[in-house]
Amino acid sequence: MNRKEFFKTSLFGAAAVAAAPSLLASCCNAEKKPDTGAVLNISFQTGKALGESYAEKMDYCESLGVTGFEPGGWDLVNDFDAISKAIEGRNLKISAICAGFEGFILADDPVQKEAFDTSMRRIVEAAGAIGSTGVIMVPAFSRQEPCKPNNQETYDYLCNELHELGEFAVKCGTTVILEPLNRRECFYLRLVPAAAAICRDAKSEGVKCMGDFWHMQEETSDYAALISARDYLQHIHIASRANRCNPGEDGDVDNYVEGFRALKEMGYDKYISLECGSIGDPAVTTPAAVELIRNQWEQA
Ligand code: MG
């Protein structure tokens with residue numbers, strides 16, 4: 001490079017830097033995290049959204065900048081037209097569908113298994129038709145009897161059954177989402193990494209899993225649990241971490257930063273849905289919870 005070329009290049013470089021101070025700032029900011037495409041989409045279950053009608057509930061969601069709505073599966077099937085009409089033209093989508101089926105997939109009683117197969121497929125069809133991310137399911141609640149024994153044969157059976165269900169969900173344009181719960185509610189599936197392993201072994205794009213920050217008291221690390229499920233994570237439930245109220249109602253223990261850090265690193269762009277009650281006035285505690293989630297997402 002001769003002297004003239006050097007000056008031209010330097011002047012161009014100086015002009016470019018002067019024209020783009022934000023670029024310079026970002027280059028010099030060692031703390032800047034890479035953009036993984038992660039997006040904070042907050043969702044409310046039907047009962048969380050204040051209001052009587054679906055339209056009122058959805059108005060409430062929109063007033064807080066909440067972009068997802070999570071109905072129960074039974075409600076979705078029964079109120080399909082009303083929910084579809086209420087959500088039309090809004091900056092709001094149906095997030096996941098919360099269960100609502102009859103029977104259970106690990107039922108040892110053929111009548112209960114048949115009830116699961118029939119009702120679950122009806123909900124999955126409706127979920128696909130309304131553009132939901134998936135239908136949440138638990139393989140077996142601890143109270144559900146008679147249940148197949150917890151052994152290798154049952155694990156293989158579960159993976160085969162989920163494969164079939166997952167392929168059906170894909171045809172409907174949606175998924176089924178395994179939810180691990182705490183040991184009192186679902187001894188069979190307590191950990192997010194265990195749910196992710198079932199997704200892997202079911203070998204269907206339609207079989208996904210989720211984490212629920214309240215049930216995740218079972219995990220040794222929010223970050224590790226969620227990162228381990230990065231290829232299968234389709235939904236998140238959130239609540240205060242001691243009493244399952246609005247995030248923030250249990251004080252300092254309501255810390256989601258490590259979990260959010262995992263979500264941001266993996267480029268999570270599905271929903272974080274509030275599944276909780278409130279010991280305070282929901283008109284105050286619910287907007288405060290949305291604010292807390294936004295602040296901790298920023299921190300993560
Ligand atoms: Mg949950």
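The values are calculated or read from the model by the stated rules, or taken from the named source; none is laboratory data. The model shown is predicted, which means the values in this text are computed figures rather than measured ones. Methodologically, a virtual Cβ is constructed for each residue, glycine included, from the backbone with ideal geometry; neighbour enumeration extends over all protein chains shown. The protein model used for the area step is the full one, side chains on, heavy atoms only, and it has no ligands, DNA or RNA in it. Shrake-Rupley method; radii C 1.70, N 1.55, O 1.52, S 1.80 Å.
Any residue in region 239-262 that is away from the ligand (no atom under 16 Å from the Cβ), under 30 Å from GLU164 (Cα atoms) and acidic (Asp, Glu)?
No, region 239-262 has no match at all.
Can you find a residue that is assigned to a helix (DSSP H, G or I) and of a type in the set (S, T, N, Q) anywhere in region 142-156?
yes
Residues in region 188-203 that are surrounded by fewer than 19 Cβ atoms within 10 Å (Cβ to Cβ) and away from the ligand (no atom under 16 Å from the Cβ): how many?
Matching residues across region 188-203 total 5.
Show the residue pairs that are 6+ apart or on different chains and have beta-carbon atoms under 8 Å apart, the first residue being within region 228-249 and farther than 9 Å from CYS276 by Cα, the second being among the small types (Gly, Ala, Ser) and part of a loop (DSSP other than H, G, I, E, B).
These pairs meet every condition: HIS235/SER95; GLY248/SER240; GLU249/SER240; GLU249/SER278; GLU249/GLY280.
Of the conditions (1) within 16 Å of the ligand (Cβ to nearest atom); (2) surrounded by fewer than 17 Cβ atoms within 10 Å (Cβ to Cβ); (3) of a type in the set (Gly, Ala, Ser), GLY267 fails just one. Which one is it?
Tallying (1) within 16 Å of the ligand (Cβ to nearest atom); (2) surrounded by fewer than 17 Cβ atoms within 10 Å (Cβ to Cβ); (3) of a type in the set (Gly, Ala, Ser), GLY267 fails exactly one: (1).
Among the residues of region 80-102, which ones are in contact with an Asp or Glu (Cβ under 7 Å, 6 or more places away or on another chain), more than 16 Å from the ligand (Cβ to nearest atom) and not polar (S, T, N, Q)?
ARG90, LEU92, listed by residue number.
With the requirement that a residue be in a loop (DSSP other than H, G, I, E, B) and either open to solvent by less than 80 Å² (accessible area, probe 1.4 Å) or not assigned by TED's automatic domain parsing to the domain that holds GLU275 (or both), what does region 72-107 give you?
ASP79, ARG90, LEU92, SER95, ALA99, GLY100, PHE101, GLY103, PHE104, ILE105, LEU106
Residues checked against (1) assigned to a helix (DSSP H, G or I); (2) within 16 Å of the ligand (Cβ to nearest atom):
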{"residue": "GLU205", "(1), (2)": "no, no"}
{"residue": "GLN217", "(1), (2)": "yes, yes"}
{"residue": "ALA225", "(1), (2)": "yes, yes"}
{"residue": "ARG230", "(1), (2)": "no, no"}
{"residue": "HIS237", "(1), (2)": "no, yes"}
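Within region 108-142, track down each residue that is β-branched (Val, Ile, Thr), within 16 Å of the ligand (Cβ to nearest atom) and open to solvent by 30 Å² or more (accessible area, probe 1.4 Å).
none
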